[in-house]
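This report refers to the structure that appears directly beneath it.
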């Protein structure tokens, strides 16, 4: 379950009665879109149906039977969310908007590069500043992924930016290959790997271009700075430095 502070109220009025449930806002939106595939008990603040959630008042059981054909809250809650309206306070809206804004900046930072600077990643501060300059407002009621394209359209007149993938070959020396390769290979999409005769490990990974600095930090950490890396642009580059 989630805390009351994290929950919003979904309200359905039917048959002269009001029914309210307390649920995570993202989960509520997913249920409305028919996209929710998680566990309901993980995204609700109370396994209950209320007539007035703020007071804790509950509707009569015969009203639940009349409207929903059951008194089981776990069957009623998704129906209230799906058929009803999501109620949020001004404070909840501000908090949700700020949370989504941070998620959006993080998503763009991890995936975007500057095509005018040899595809170098944009730091989060630059993305944040550019979004403010562009006047882009995050919709707290929409998933971050559905707002990415609009955000990029707003950013392009302000900064050079592009979503891209990068392919990097890395070679871990024998002393670090055994312990380091597991962490490196899980960083992105492992395209190929090979153990060398001297015990070193070579892997080729693809991942969002904005995560290059994070990747190099990881490689340096697991190899004490002794690993070799090379960005792969075509098959002729598949020899590490």
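Data for the structure
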read-out	value
Normalised convex hull volume, the chain, alpha-carbon set, Å³ per residue	168 Å³
Helix-only [θ]222 nm of the chain, DSSP H runs n ≥ 4, -39500 (n - 2.57) each, per residue, nearest 500	-12000 deg cm²/dmol
log₁₀ of I(q)/I(0) at q = 0.12, 0.17, 0.24 Å⁻¹ - segment 69-183, Debye sum with one point per alpha carbon	-0.65, -0.88, -1.29
P(r), alpha carbons of segment 4-87 - 10 Å bins starting at zero, rounded %	20, 57, 22, 1
Förster radius 51 Å - calculated FRET efficiency between residue 150 and residue 71, Cβ distance, rounded to 0.05	0.75
Residue-span extension gain [residue 35 to residue 194] - 0.36 nm each, minus C-alpha spacing	53.3 nm
Of 96, 211, 117, the one that fluctuates the most in a GNM where the chain has Cα springs shorter than 10 Å	117
At q = 0.19, 0.25 Å⁻¹, base-10 log of I(q)/I(0) for segment 169-209 (Debye sum, equal scatterers on each alpha carbon)	-0.47, -0.77
Relative exposure of 129, 223, 3, judged by other C-beta atoms within 10 Å (fewest first)	3, 129, 223
Inter-label distance for residue 83 and residue 214, nm, one decimal - labels placed 7 Å from Cα along Cα-to-Cβ	4.3 nm
Separation between Cα centres of segment 203-222 and segment 1-28, rounded to whole Å	42 Å
Estimated FRET transfer efficiency (residue 110, residue 228; beta-carbon r; R0 22 Å; 0.05)	0.35
25 °C / 0.890 mPa s Stokes-Einstein diffusion coefficient of segment 165-237, Kirkwood radius on C-alpha pairs, µm²/s	205 µm²/s
Inter-label distance for residue 3 and residue 221, nm, one decimal - labels placed 7 Å from Cα along Cα-to-Cβ	2.7 nm
Segment 107-131 and segment 56-88: distance between their alpha carbon centers, rounded to Å	46 Å
Contour excess over end-to-end distance, with Cα ends at residue 179 and residue 13 and 0.36 nm allotted per residue	53.9 nm
Length-normalised contact order for the chain - Cα pairs under 8 Å, 6+ apart - percent	16 percent
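Taken together, the values in this text are just the output of simple stated rules run on the coordinates, not laboratory data. Everything quoted here is computed from the prediction, not taken from an experiment. All Cβ positions, glycine included, derive from the backbone under ideal geometry; neighbour counts span all protein chains shown.
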